[in-house]
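Here the structure comes first, spelled out in structure tokens, and everything after it is commentary.
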Amino acid sequence: MTHDHDLVLRPTPAQTEAALNPPPGRTGGDLVVETLAALGATTVFGLPGQHALGMFDALRRSDLRYIGLRVENNAGFAADAYGRITGEAAPLLLSTGPGALTSLAALQEAAAASAPVLAISSQIPTAGLGGGRHGYLHELPDQAASFRGVVKSVHTVRTQSQIPSAIEAAWKSALSAPHGPVWVEIPQDVLLAPTAIPVVTGGDAFPEELPPRPELTAVAADRLSKAARPAIIAGGGVVRADASKKLRQLAETLQAPVVTTPGGKGAFPWTHPLSLQSWIEDRHTTDFLEDADVLLVVGSGLGELSSNYHTFKPRGRVIQIEADLGKLESNHPALGIHADARLALQALLETVSGRQDPTAPERVRALLAKVAERIAAQELTLEQDVLASVRRALPADAPSFWDMTILAYWAWSAFDAKGPNHMHSAQGAGGLGYAFPAALGAAVADPTRPVLAVSGDGGALYSIAELATARQYGLNVTWLIVDDGGYGILREYMTDAFGEASATELTRPDYVALAESFGVPGVRTTPETLEQDLAAALAAPGPSVVVLPAVLRMFAPTHLGSD
């Protein structure tokens, strides 16, 4: 009897000949790029360094497209966005020590947002490994230790024969639910040494699936079918799993209102009769969700931003579908289903019974009216008009990337993403400087659509160097910089908490003149002309900068007891 695991793919005569007689002039670096190509990679991001030159020299002999950024952290953000847009693992090539460490903030964001980034770094020569103080350039006693608490998995290579298997294992780790960044490190001498190992021509690029346990989905379906007031919180896991259509089908079957988290923007249609939109930082929405007798949470850990800063206290039964085992029931007791959102929603659709609830749309309308009334009472017309102008100027299918800035905080709650995987922000780890380099990565992933980046002037200063990258590659990104002369949200936080702000005011450049010095068109706009200027910039090919001098305010929080 023959079993599936007994079957072995045998090489063809041509493959055998190629394996026995590999072309000359190859090094360990060639094994890296050959493995990436065999796994399906087409594009790599990064920044060269002395120890990593073996990889970058090998790129010259490959068909891989290289996108070089000016700062390693920005290269990480670009790879993050490429992974989010394509759903593929995004290779990020880095050098040892400072180059590697500079990427940590970007890898933390990728980890928080479950973006599949495959970081491959060089290491000091093999002779220096082991923690001794040999005095090599870029030397760290244990470089991988700096990444173990950030990335999903760490893969260490010590010989050339380990390179293909280590990269393949990392690739599958990055793409297995939950997606995430992974780390591979290879010593300098291993990358540079000539190799007689055959050309890498194949690899198992298929990640493991994460199906739900059927006994758990049976219980979940029964509870949802019998619920009197079901509701759904949809997080980023729905977007990453490409499960938005299944979510809509389930919500309509159950007549369950849906709210999306900041990471889940676009997972449910904004104007659907069952859409609570994204006003999750609102006490009226929190009350509505607490009143649900059965609450289905899909692809969210109910962290700080998704629980109205941990003031959300559900009174009914919670069912949580989550691919990240560390997030499952970490904040609230639940019927925890460890699974990919798409597979779990499909299982529920196959077993749930439909319900009729003609009151659900009316309850949704009443809630949204309360939210609108609360915001209207705060005299925030400028902020709402600016956000509406951005929405009208941005094509419906164009992705947008938002930095940690006041307009982005508004967008988390009030911006219609117009579809899944269209709006991304740095709300996972919350670091500055994400928007523009991430938008560049998205433009590399899909050059057919314009891409919008939104930053404040403080966050913009993290990314100015990448105007050169945008110009070099002709990337179709429009960068909106809201210039309020400082760290605007921190100014508000400190003023509210202490009566006045400190360390928040910034001397900044003329961003229009600075953009033009890079050869990138720039325009200074006003709230009244923003829509027109932004639309024109988005319609023009290549990079552009639009600067809006404006001091925006946040809407009042409700987690502090005010409404």
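Listing for the model above:
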| item | result |
| --- | --- |
| Qualifying residues in the range 248-261 (those that are without any contact (Cβ under 8 Å) to a residue 40 or more places away in the chain and over 13 Å from Ile233 (Cβ atoms)) - the one least open to solvent (accessible area, probe 1.4 Å) | Glu252 |
| The range 262-279, residues that are without any contact (Cβ under 8 Å) to a residue 60 or more places away in the chain and of a type outside the set (Gly, Ala, Ser) | Phe268, Pro269, His272 |
| Only one of Gly87, Gly83 that is touching a residue at least 24 places away in the same chain (Cβ under 8 Å) and either of a type in the set (A, V, I, L, M, F, W, C) or out of contact with any strand residue (DSSP E or B) (no Cβ under 6 Å at 6 or more places or on another chain) (or both) | Gly87 |
| Enumeration of residues in the range 302-331 that are part of a helix (DSSP H, G or I) and not hydroxyl-bearing (Ser, Thr, Tyr) | Leu305, Leu325, Gly326, Lys327 |
| Every pair of residues 6+ apart whose Cβ atoms lie under 7 Å, when the first sits in the range 221-247 and is farther than 17 Å from Leu276 by Cα while the second is open to solvent by 10 Å² or more (accessible area, probe 1.4 Å) and in a helix (DSSP H, G or I) | Ala221/Thr351; Ala241/Arg342; Asp242/Arg342; Ala243/Arg342; Lys246/Arg342; Lys246/Gln346; Lys246/Leu349 |
| Which numbered condition Ala468 misses (of (1) open to solvent by 40 Å² or more (accessible area, probe 1.4 Å); (2) under 26 Å from the mean Cα position of the chain (by Cα)) | (1) |
| Residue selected from the range 173-196 under the condition surrounded by 18 or more Cβ atoms within 10 Å (Cβ to Cβ) and small (Gly, Ala, Ser), by the criterion farthest from Leu53 (Cα to Cα) | Ala177 |
| Strands (runs of 3 or more DSSP E) enclosed by the range 426-535 - at least 1 residues per element that are in contact (Cβ under 8 Å) with a residue 12 or more places away in the chain and touching a Lys or Arg at 6+ places or on another chain (Cβ under 8 Å) | 477-483 |
| Unique match (being surrounded by fewer than 23 Cβ atoms within 10 Å (Cβ to Cβ) and hydrophobic (A, V, I, L, M, F, W, C)) among Val199, Val157 | Val199 |
| Residue within the range 385-405 that is under 15 Å from Ala453 (Cβ atoms), assigned to a loop (DSSP other than H, G, I, E, B), in contact with a Phe, Trp or Tyr (Cβ under 8 Å, 6 or more places away or on another chain) and open to solvent by less than 30 Å² (accessible area, probe 1.4 Å) present | yes |
| Subset tally (residues that are open to solvent by 50 Å² or more (accessible area, probe 1.4 Å) and over 24 Å from Ala470 (Cα atoms)) for the range 20-53 | 7 |
| Any hit, the range 103-118, residues being among the charged types (D, E, K, R) and open to solvent by 20 Å² or more (accessible area, probe 1.4 Å) | no |
| Check on Ala78, surrounded by fewer than 24 Cβ atoms within 10 Å (Cβ to Cβ) and out of contact with any His (no Cβ under 8 Å at 6 or more places or on another chain) | no |
| Condition check for Leu548: of a type outside the set (S, T, N, Q) and either surrounded by fewer than 20 Cβ atoms within 10 Å (Cβ to Cβ) or more than 25 Å from the chain's Cα centre (by Cα) (or both) | yes |
| Qualifying residue in the range 435-444 (condition: within 27 Å of Gly301 (Cα to Cα) and in contact with a Pro (Cβ under 9 Å, 6 or more places away or on another chain)) | yes |
| Residue satisfying all of: in the range 324-357; of a type outside the set (A, V, I, L, M, F, W, C), out of contact with any Ser or Thr (no Cβ under 9 Å at 6 or more places or on another chain) and within 26 Å of Pro116 (Cβ to Cβ); least open to solvent (accessible area, probe 1.4 Å) among these | Gly336 |
| Filter result (within 19 Å of the chain's Cα centre (by Cα), within 16 Å of Val151 (Cα to Cα) and surrounded by fewer than 24 Cβ atoms within 10 Å (Cβ to Cβ)) within the range 81-102 | Thr102 |
| The range 271-311 - residue that is modelled with pLDDT of 95 or more, β-branched (Val, Ile, Thr) and open to solvent by less than 30 Å² (accessible area, probe 1.4 Å) and, of those, nearest to Arg248 (Cα to Cα) | Val298 |
| Filter result for the condition that a residue is under 18 Å from the mean Cα position of the chain (by Cα) and of a type in the set (Asp, Glu), over Glu290, Glu304, Glu281 | Glu304 |
| Filter pass, Ser455 being open to solvent by 10 Å² or more (accessible area, probe 1.4 Å), of a type in the set (S, T, N, Q) and either modelled with pLDDT of 95 or more or touching a helix residue (DSSP H, G or I) at 6+ places or on another chain (Cβ under 8 Å) (or both) | no |
| Test set (1) surrounded by fewer than 17 Cβ atoms within 10 Å (Cβ to Cβ); (2) more than 30 Å from His310 (Cα to Cα); (3) out of contact with any helix residue (DSSP H, G or I) (no Cβ under 7 Å at 6 or more places or on another chain); (4) among the small types (Gly, Ala, Ser) - Ala537 fails condition number | (1) |
| Selected residue [more than 23 Å from Pro273 (Cα to Cα) and touching a residue at least 60 places away in the same chain (Cβ under 8 Å)] from Val371, Val364, Val352, Val386 | Val386 |
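To keep it simple, each residue is scored yes or no on (1) open to solvent by 50 Å² or more (accessible area, probe 1.4 Å); (2) touching a Ser or Thr at 6+ places or on another chain (Cβ under 9 Å); (3) within 21 Å of Thr195 (Cβ to Cβ); (4) modelled with pLDDT of 95 or more.
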residue: Met55; (1), (2), (3), (4): no, yes, yes, yes
residue: Arg65; (1), (2), (3), (4): yes, yes, no, yes
residue: Leu69; (1), (2), (3), (4): no, yes, no, yes
residue: Glu72; (1), (2), (3), (4): no, yes, no, yes
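The values are calculated or read from the model by the stated rules, or taken from the named source; none is laboratory data. Since the model is a prediction, treat every value here as computed from it, not as a measurement. When we count neighbours, we look across all protein chains shown, and the Cβ atoms used for this are built from the backbone with ideal geometry, even at glycine. Only protein heavy atoms, including side chains, enter the accessible area calculation; ligands, DNA and RNA are left aside. Shrake-Rupley method; radii C 1.70, N 1.55, O 1.52, S 1.80 Å.
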